[in-house]
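Before any comments, here is the structure.
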Amino acid sequence: MSEFNPYQVPEAGGPPSQVTGGLWQVSQGCLLFRDGARLPEIDLYTGRADIPLMPASAEFLVLGSRGAQLLIRMLVMFLVVGAFVYFGPSLEVSLPVLWLVLIVVLMAIRVVRARKALRARLNWHVGSEDEKRRRNITAWGRRGFWLGFGLFAATFVLELREWSTLGLLAFVAGLVALSVTQRRVLQLRCERVRDGWFELRGVPAAALQVLAARQSEEVREWMDRSGETRERKVFKTYLYRFSLRTLLGDQIWNPLALLTMLILKLRRSRLLVRDCFASSEAEDLGSSGWMPSLRAKWDELQGVPDFEGWRLLLARNLGSPIGDLRTQWFTLVSPDERHSLVVGVVTVANLQASKEILETTFRAWTSSGLQIVTSNTLLQRPLPEHYRVRRVRGSLTQVLTSHLARLEGLDLLPAAFPEGWEERMEEEIRERHDLLEAAGYYGPTRTEEVPVRH
């Protein structure tokens, strides 16, 4: 492979570091922030800056104190259960129906309250390796909860009264597993607003100490650069038009996630409409800026004989206007320059966890004008007529083997690297965007003045 080294120190003259000061402050043991604030690049769990980090983000709703929220939930549960006890026998309402009504009522109340709540977004960073472990542990906790809930519900639906005690124990065990594993995640909560500052509690003391020490310096840097903007190309993505499989991924079998997403899609919720930067806004990715998971894929390829002689063409980074989505990728070309490989990592951040999606896509072009695409992910349709796409699960070597098998007997064109690559891919991206815009998935691309944040 090429002699590019992603571990080398970046050359001078690169983009300046992120400016975050002025939009947050530490006061009286909690973090105060303005909507859209970006914290310095430290692990919000430990305050460390010397470990691999990944971005995280969340939109907080100010719904009032936790005590008030708990009181409202208890009151609703009391009213629903009371109605069940009083009217249930005459209406022959079963216990599963009670649970369903209770869940729907609680969700409806939250939706109504959320419509009137104040909202604010905060962006921060977490240690990437620790985040992966936390994500795996919390996933097992959710699985345990749904398994226990399923066994508990089955004893009533199937009227297995002799198994009702076992079902109840399984449900309680699932609740305990969910509670214990969720405590490994930051318990951030925003309960009130003071003079335009959102008050965030639950930030670990170690991180607060580091933030307080850096606060004055960050504010000075922000004051020096406040008011700076730059033109950027932006378009809207209407996620409610995408399939449930695309939106939920491996959470498609989570009943609560499925029900929530279905309601959001039917309501065409604003939560499923987001601004995205156009692909032309992607920036060259300095060697020190590679996310750990992307660098790990690079390291993995170094020892694979099938990729001997493949060279690096480019590495890019693309963020998002609100900071909760980041995509990094690198492109390799084969020794004969007839095949390309794009390895990308998409990081989607929310309050509970930051999720990484690894994408690997091989491309080749034929003399008849076809583009042969073999990828481990699904490409959103509609696609250009000359695309021939196949999804293949497995390792990079397995995807490459399938890709090469599809090309047997075809006359392939050189991709005209490196000059021809940029022109070809820009044309492909424009064509795909026009198709998705016509189908209602994307909005038109527009130019906006965006505050300088790097």
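Looking only at the range 217-259, count how many residues are at pLDDT 80 or above, part of a helix (DSSP H, G or I) and closer than 19 Å to A349 by Cβ.
4
All but one of (1) under 16 Å from S320 (Cβ atoms); (2) surrounded by 13 or more Cβ atoms within 10 Å (Cβ to Cβ) hold for R230; state the number of the condition that does not hold.
The failed condition is (2).
So L271 passes all but one of these: (1) surrounded by 17 or more Cβ atoms within 10 Å (Cβ to Cβ); (2) in a helix (DSSP H, G or I); (3) of a type outside the set (S, T, N, Q); (4) touching an Asp or Glu at 6+ places or on another chain (Cβ under 9 Å). Which condition number does it fail?
(1)
Read through the list (1) surrounded by fewer than 19 Cβ atoms within 10 Å (Cβ to Cβ); (2) within 22 Å of P292 (Cα to Cα); (3) in contact (Cβ under 8 Å) with a residue 24 or more places away in the chain; (4) out of contact with any Phe, Trp or Tyr (no Cβ under 9 Å at 6 or more places or on another chain), then give the number of the only condition that P384 fails.
(2) is the only condition that P384 fails.
The values are calculated or read from the model by the stated rules, or taken from the named source; none is laboratory data. Since this is a predicted model, take the numbers as computed values, not measurements. Cβ coordinates were reconstructed from backbone atoms using ideal geometry, including for glycine residues, and neighbour counts include every protein chain displayed.
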